[in-house]
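Asker: This is the structure I have questions about; it appears just below.
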Amino acid sequence: MVFEMIADYIVTATGLTGNAADALHFWIYDSLKIITILLLVIFAIGFLRTYLAPEKLRDYLKGKHSIFGYGAAALLGIVSPFCSCSTIPLFLGFVSAGVPFGMIITFLFVSPMVNEAAIVVLLGTLGWKITSLYVLGGVIVGSFGGFLLNNLGFEKYVEKFDFGAQTYCEDETSIKERCNIAYTEAKDIVKQITPYVLIGVGIGALIHGFVPREIITNYLTGSLAVPGAVIVGIPIYTNIMGVIPVIESLIGKGLPVGTSLAFMMSVAALSLPEFIMLKKAMKKQLIIAYGAIVGVGITLMGIIFNFIF
């Protein structure tokens, strides 16, 4: 593979050996692989999003069974752009378009936790079993959270706001113009998150190359490991793509799968900057409820996954 050849060439050129060579190879190879996947997947999804108008979605969901609506919202969360800078404005657009609250809050739950690019990368790094559980767990937490908050009447805690122009294109827009829009979006998003990917891969490389297995197995396990991993992930601000290499390395060093995935999803869905952004759309009661459901849901998922694997 091209990325493997590039990594081999650079490591050989540096003259490094042993753990340092392993760490550098891991960093180069995974960085190139993840950034390329990001660019391709975001471009494809960005192109599809040019056909999506929130008003059309609202009209389509009218009269549909709630199970269908929550399922559609969860699916949209999976294929939506996966950084909060894109997810939250889309969430606001759905609110302003009148999409049912339970469905849009389900979208907001699922979107940061599960995304299409992470699925592709996880399939290649951790296999289909772990990836399937990751997707299923995120969809269950998101759908249950949306259903619960909707039935508890939390819609009244959505802030009133004026949302600007939507990001979809009219029907007469040419394919070339849609491709240009998708390319611009992909380029901008990848440019924004590449530093986090590089940092995340770098941490993963250091763990891969230098952290002894005994440290992982002795100090990052136990009954409080999963809630501890969730709490540790909250202050970390990075994209889920940036933390996947870290998780890959931790699992390789012996950290339980459930603990690793709980940390990954906590970083993506419970970051402090995301809560700050949500203040323009939600009152504090809804923000607290949202954070509590995500935190408890991720913790339970991690514990269950640790029993399975």
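The values are calculated or read from the model by the stated rules, or taken from the named source; none is laboratory data. Everything numeric in this text was worked out from a predicted model, so none of it was measured. Ideal geometry is used to build each Cβ from the backbone, glycine not excepted, and the neighbour counts take in all protein chains shown. Surface accessibility is based on the protein's heavy atoms, side chains included, excluding ligands, DNA and RNA. Shrake-Rupley method; radii C 1.70, N 1.55, O 1.52, S 1.80 Å.
Asker: I'm trying to understand the selection: among the residues of segment 253-282, which are over 21 Å from residue 243 (Cβ atoms) and surrounded by 15 or more Cβ atoms within 10 Å (Cβ to Cβ)?
Answerer: 281, 282
Asker: Any residue at all in segment 61-70 that is closer than 20 Å to residue 200 by Cα, touching a Ser or Thr at 6+ places or on another chain (Cβ under 7 Å) and either at pLDDT 70 or above or open to solvent by less than 30 Å² (accessible area, probe 1.4 Å) (or both)? Let's see the steps before the verdict.
Answerer: Going through segment 61-70, the residues closer than 20 Å to residue 200 by Cα turn out to be none.
So far as segment 61-70 goes, no, none of its residues is closer than 20 Å to residue 200 by Cα, touching a Ser or Thr at 6+ places or on another chain (Cβ under 7 Å) and either at pLDDT 70 or above or open to solvent by less than 30 Å² (accessible area, probe 1.4 Å) (or both).
Asker: A further question on this structure: Going by the structure shown, is residue 82 surrounded by 19 or more Cβ atoms within 10 Å (Cβ to Cβ), at pLDDT below 70 and among the aromatic types (Phe, Trp, Tyr)?
Answerer: Yes, satisfied.
Asker: Six or more apart or on different chains, Cβ atoms under 9 Å: show the pairs whose first residue is in segment 245-260 and within 18 Å of residue 304 (Cβ to Cβ) and whose second is open to solvent by less than 20 Å² (accessible area, probe 1.4 Å) and of a type in the set (Phe, Trp, Tyr).
Answerer: 256/305; 257/305; 258/305; 259/305; 260/305
Asker: Could you say which residue among 222, 295 is at pLDDT 85 or above, farther than 26 Å from residue 38 by Cβ, open to solvent by less than 70 Å² (accessible area, probe 1.4 Å) and not aromatic (Phe, Trp, Tyr)?
Answerer: It is 295.
Asker: Mind checking which residues of segment 283-302 are touching a residue at least 24 places away in the same chain (Cβ under 8 Å) and in contact with a Leu (Cβ under 8 Å, 6 or more places away or on another chain)?
Answerer: 286, 289, 290, 293, 294, 295, 298, 301, 302
Asker: So, in segment 85-109, exactly how many residues are at pLDDT below 80 and not in a helix (DSSP H, G or I)?
Answerer: Total satisfying the criteria: 2.
Asker: Looking at segment 1-54, which of its residues are open to solvent by less than 70 Å² (accessible area, probe 1.4 Å), modelled with pLDDT of 85 or more and not in a helix (DSSP H, G or I)?
Answerer: 15
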